[in-house]
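Note sheet for the following structure.
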């Protein structure tokens, strides 16, 4: 079992994406993890252009201390499913509406429709922010402090809605 | 913090579904949890027919010791997303191709396309088995014994493929 | 039973939406109600970010005198269906093609495909104007003056078409 | 204004459908109205095979005392929209997955996607039961007894869920 | 039977559309008819905003000498099908991708999926030019001069392709 | 110009289909033509398996006296469009939901979405009967007797609806 | 370079599939290769259940003498694309409509929509027979005998159509 | 059999497209062939506007020394399938999202869903680059030098990913 000190130093979430063009979307996951003070690593792992790098990444992920993997990809998006096939860690898949994509349907179905035995926790199209939050929720399963922070975060979100409500109440139509 | 004894007695995964007709699908999640010796509860919570029961279920879920919620529903499937909106626990959504469904598209999109701030970990259409496995993976984040069992399970699955391979190799076309 | 004076003072239609970004679309409903001199209230009620506010809104809606609820939402749009599950009032759902949406299919199916027992009167994508008109039609069921006004409104619409016809008849191709 | 006696005798809801093959679906609306003791008429009005009968039906509907029209049709389903274009009454559209239909998509889009100015209150595919309930909700806007009955109906539905819950709680997996 | 003189004076093709915003698309049909020297009329006939005008137009169309009707509409596009239900003339339907439309799917399915007994000759999305050509082909069934002109037109189109071929053959990549 | 005697002897409508498995659908077109006493020929012309036969068929179609071609095909359905590219006659396309088809979407889009310059008059999925009626309408453009027969046919169809109406009026729910 | 004798002994086409349930579809490819006397091997290689076996298979495929790989899979079908990412051989992908599939859309998009750099030659849904023929065409690029056999095969197919034509010509409707 | 000299002089890949507007997409295939020093020809062959030119092109393609045909088209894209029906050469189809297209679905299904007996090797929407690579792979079946070049090309692609990885590793979020 890791000591708290290790926990601080080593990344516990791996954020990977199929192409550098996915960074704009995937950095939302990083920002959420940063907000919750969770160490993460972020890199490019292309299932199709660097398949052996992908296999290697997935094989050693849990051994090097990662607890959750967030994988984003567009088009025929094989990265999340292939990493889930190799690593025993929970894999969160982010379908990305890339320029090659058919309105995002290809990414969604390629990531979501995994066969029995190999789940990918799929979030909405381009929803890297939700992928980050889901990773936090998974880590909070045994970490009540983190759970408390999640509740606070939700209250902040709710407060923002309250502000929007005030503004709309003052609007004349 | 819970003692190991509590852990054995109290369910850590809640499996809920919108209608009794979903039991045939959702019991696959229960069987996986049983296989991994993880205590679970299974019941019907209808977002549309028993909305206040749903709110209550989601509100007390983490307080009573649940760590993960698996929610299955068909058609305009609001159960997973609404429970995710109320509970801080990770929620795994199982889109179900019910008789009312338009080839499952309605269930998939209603569960998957959650707005930023409220993720649902969506699995494939009818893939309650994968929902169960994903719950096990989440619980294994801090439980190395469970992680080992997951690896064993995968090896069994792989062994079954090996058997299929032998059979096909002996087939004449 | 309400006196006419109460009727003037208190809103009879509640217009709600999931996010402030929906205001541009949903104000069309307000403008129609204003045109027909029907008192309304308009606010933000997020099923996912403020679930308990949503439950509260739906629970007291008919008690405080609302007769119809118009609810607009995008993506995995649970607001109309959840309000319909709690309130006995007729709920009109407006699917909104938000930036998160997959061409609007997710909003449409999440709102339309409600299970038996809990109807939502769904209108076209982004058609808040039609939601307003449908609310007027519902209120006109027992209000012949309002029915007359609806007929006048239709004649005006028809007159606009007549003007368009004149213009096209004078166009040379 | 009608006396209560007239009310009992004359239908207030008109249920129409495009073809005799739609009866199996549309009778669900009739059964709901019967349950709530609301007088209705049910007949076939084909937009495509009897267009003038359709125009006539829509023109006199409100004059003869109807308050709501429920119209079901499959394929290129023009009946609900055309009746809504002619009658000032609220029209509830039921998309039907007929044998000619492409998985119901044609019926849904033909009924739902009405232009601004002419709403149709669309319910889910084949959801004639919900069309009936929506008609009851519209009539209950000014009829508190009917509203009470609706609440009772919901409690019965909820009670059925409770029974399902008991049964599933006793199931061994 | 008409004399040649009548034929020249009176329009033989009626081009109608649901809204003035459709003119930009539908004028392509007019330009083709003009090219082939076929007298036509063009106007707005809205199935939903001017339903009785539509019925009237369809009822007298063949009596006043029209031989073919071209009808364009977007969204829940009922105009072509309803005119085809009333008039015995062949009706060519042009699905229009209007601003309200869901990528054109609603217009296509509303026009194409007519029930047995009432055909609409549907052309591609926004393909008013093809609607014009199809009308010419129908009129050329008994008019060999027109058939000859159609063949010439095709040869011109082919010649344009030849020019494009020359240009691409000279391109360096 | 043909004499009436030639007209009786020679087929004026050519019904072609891509495969023998399409006969069950396409014979509906033949039955309609038989009903209206219009001579037709029916045969198999496969765009993909007999491409040169297809070219030949399309090249001589109008020369041998055909006035209209009805072409049915499933999957990637190229027959109607290719015949329309070669023959100057109006071509009616019947998308067929074959066993290879993806719910008919492939057939519909392959036939409907023809480029500008080469129209195909597309009817609904499997709607060979409507293809037959559309051919009759095209031939009736200059044949008032045939137009009268079409009107009679419609009255018969309407009479059948009247019978259905009587039956439903006597039904108890 | 291989001697003719080696060529006879060693398989030149590898047929792989994700699951034993795909055999019924994929054996069609084997039967075509057998017909053309092309040595092949057929086995199960699951991208998700045996990922390392898949990597190994793809890595040594061209070294052991395979010239073409045919890969069939259903649902989130990653096998063809992943093998294409590792092996330099041309990979033919067969989307399979498995029981888990959403009408085959998931398999098609997962196989077809590969990013630039890694092509998969995708054939129609379930079209393993065409995958076999495409492999033969690829091998015939430098083998004129095989090309001649392909032409003969086509003539046989054409002859079967001729027989169907005779039969339909004798049918009375 | 060709001598090496012939091989250098005569094109071995024919790149054809339905319209000059497709050049921007299709030139990507040409650039790949140029990169691999494979002689090619590129021209416009419209299935619908120049059908006989298409037949001629396909009939003589293999006779004049072409080994592979790459055909791109949009909308109801018949060019790849029709050329595949006439020529015994392998045909690679490139679905193009033209301005007429419905999000590319029409092009994809028209090219992909070929019936048994006539395969088209379909690549992703607009993926002319992949079509070029697939042609190279087919030619490399018996040309080990070309196979080596393909492997080098892949290593270059992989190297580019490595550079992207370095850049993302230095990015601060």
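Laid out as a table, the results:
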quantity	calculated
Subset of region G:71-130 (residues that are under 10 Å from the mean Cα position of the chain (by Cα), closer than 17 Å to residue G:25 by Cα and not in a helix (DSSP H, G or I))	G:71, G:72, G:92, G:93, G:94, G:122, G:123, G:127
Verdict on residue A:15 being in the same structural domain as residue A:68 (by TED's automatic domain parsing), modelled with pLDDT under 95 and either out of contact with any helix residue (DSSP H, G or I) (no Cβ under 8 Å at 6 or more places or on another chain) or not in a helix (DSSP H, G or I) (or both)	no
Some residue of region D:139-160 being crowded, with 20+ Cβ neighbours inside 10 Å, free of Cβ contacts under 8 Å to residues at least 60 places away in the same chain, within 30 Å of residue B:43 (Cα to Cα) and touching a strand residue (DSSP E or B) at 6+ places or on another chain (Cβ under 9 Å)	no
Hits in region F:46-68 (condition: more than 18 Å from the chain's Cα centre (by Cα) and either assigned to a helix (DSSP H, G or I) or more than 9 Å from chain H (Cβ to nearest Cβ) (or both))	F:51, F:52, F:53, F:55, F:56, F:59, F:60, F:63, F:64
Selection status of residue H:21, in contact with a strand residue (DSSP E or B) (Cβ under 6 Å, 6 or more places away or on another chain) and outside any strand (DSSP E or B)	no
Lone qualifier among F:130, F:100 - being without any contact (Cβ under 8 Å) to a residue 40 or more places away in the chain and surrounded by 24 or more Cβ atoms within 10 Å (Cβ to Cβ)	F:130
Residue in region F:103-125 that is at pLDDT below 95, more than 7 Å from every other protein chain (Cβ to nearest Cβ) and surrounded by fewer than 19 Cβ atoms within 10 Å (Cβ to Cβ) present	no
From F:77, F:61, F:84, residue being over 24 Å from residue H:117 (Cα atoms) and modelled with pLDDT of 95 or more	F:61
Cβ-Cβ under 7 Å pairs, at least 6 apart or on other chains, region F:35-62 side in contact (Cβ under 8 Å) with a residue 40 or more places away in the chain, far side assigned to a helix (DSSP H, G or I)	F:36/F:136; F:36/F:146; F:36/F:149; F:38/F:136; F:38/F:139
Candidate set from region D:26-40 (those that are touching a strand residue (DSSP E or B) at 6+ places or on another chain (Cβ under 8 Å), buried (at least 18 other Cβ atoms within 10 Å of the Cβ) and closer than 16 Å to residue D:69 by Cβ); member that is nearest to the other protein chains (Cβ to nearest Cβ)	D:30
Sole residue being assigned by TED's automatic domain parsing to the domain that holds residue H:10 and surrounded by fewer than 24 Cβ atoms within 10 Å (Cβ to Cβ), chosen from H:95, H:80, H:51, H:88	H:88
Within region E:32-45, tally of residues that are within 13 Å of the chain's Cα centre (by Cα) and under 15 Å from residue E:94 (Cα atoms)	3
Where residue H:10 falls short, out of the listed (1) closer than 29 Å to residue F:45 by Cα; (2) modelled with pLDDT under 95; (3) away from chain F (no Cβ under 14 Å)	(1)
Condition met for residue A:149 (out of contact with any helix residue (DSSP H, G or I) (no Cβ under 9 Å at 6 or more places or on another chain) and more than 7 Å from every other protein chain (Cβ to nearest Cβ))	no
Residues of region H:66-78 satisfying the condition of being in contact with a helix residue (DSSP H, G or I) (Cβ under 7 Å, 6 or more places away or on another chain) and either in contact (Cβ under 8 Å) with a residue 40 or more places away in the chain or within 18 Å of residue H:33 (Cβ to Cβ) (or both)	H:67, H:68, H:69, H:70, H:71, H:72, H:73, H:74, H:77
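The values are calculated or read from the model by the stated rules, or taken from the named source; none is laboratory data. From a predicted model like this one, the values you see are computed outputs, not experimental measurements. Methodologically, a virtual Cβ is constructed for each residue, glycine included, from the backbone with ideal geometry; neighbour enumeration extends over all protein chains shown.
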